[in-house]
Amino acid sequence: MNESYEHPSFEHQPYPPQGPPPGAGLAIGSLVCSIAGFIVCAPAAIAGVVMGHIAYYRSRHGRATGGALAIAGFVIGYLALAVWGIMIPLVLHELDKYGAFG
């Protein structure tokens, strides 16, 4: 009988190595799109609102950071949509008043 003890060999790690925690990329994108929604067009603000809500959900459940940026993103996006919702009818009314539509 062999009296020597051999240590067990581990060919694999018991747990896979963890990567860095997810960042606030979606929240930053939401803020950028929402600010661009004021200047460029309403679809950018819509994208900012959607990304902001997704980023906020992820931050609330611990899957990402940037909860405050996400809130800022969707609030600014909603404000941009409100501005566009007021401005478009006013501009169309003025254009119609001066005969731009025929």
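Would you check if VAL50 is at pLDDT 95 or above, part of a helix (DSSP H, G or I), surrounded by fewer than 17 Cβ atoms within 10 Å (Cβ to Cβ) and under 10 Å from the mean Cα position of the chain (by Cα)? So VAL50 passes the test.
Please determine, by comparing only the residues of the range 28-47 that are part of a helix (DSSP H, G or I) and loosely packed, with under 15 Cβ neighbours inside 10 Å, which one is modelled with the highest pLDDT. I'd like the intermediate steps shown before the answer.
Just the residues of the range 28-47 that are part of a helix (DSSP H, G or I), to begin with: 28-39, 42-47.
Those still in the list that are loosely packed, with under 15 Cβ neighbours inside 10 Å too: 39, 43.
Numbers: ILE39: 90, PRO43: 94.
Checking each candidate, the answer is PRO43.
Test TYR78 against the criterion of being assigned to a loop (DSSP other than H, G, I, E, B) and out of contact with any Asp or Glu (no Cβ under 8 Å at 6 or more places or on another chain), and give yes or no. Before you say what the answer is, go through the steps one by one.
Details: assigned to a loop (DSSP other than H, G, I, E, B): no; out of contact with any Asp or Glu (no Cβ under 8 Å at 6 or more places or on another chain): yes.
Here the answer is no, as TYR78 does not meet what is asked.
Going through (1) exposed (fewer than 12 other Cβ atoms within 10 Å of the Cβ); (2) at positive phi one by one, HIS61 falls short only on (2). Considering GLY25, GLY73, GLY19, the condition of being at pLDDT below 90 and either crowded, with 16+ Cβ neighbours inside 10 Å or of a type in the set (Gly, Ala, Ser) (or both) is satisfied by GLY19 alone.
Scanning the range 52-94 for residues that are aliphatic (A, V, I, L, M) and touching a helix residue (DSSP H, G or I) at 6+ places or on another chain (Cβ under 7 Å) returns ILE54, ALA55, ALA64, LEU69, ALA70, ILE71, ALA72, ILE76, ALA80, LEU81, VAL83.
The values are calculated or read from the model by the stated rules, or taken from the named source; none is laboratory data. Computed from a prediction, not measured in an experiment: that's the story for all the values here. All Cβ positions, even for glycine, are placed from backbone atoms using ideal geometry, and neighbour counts span all protein chains on display.
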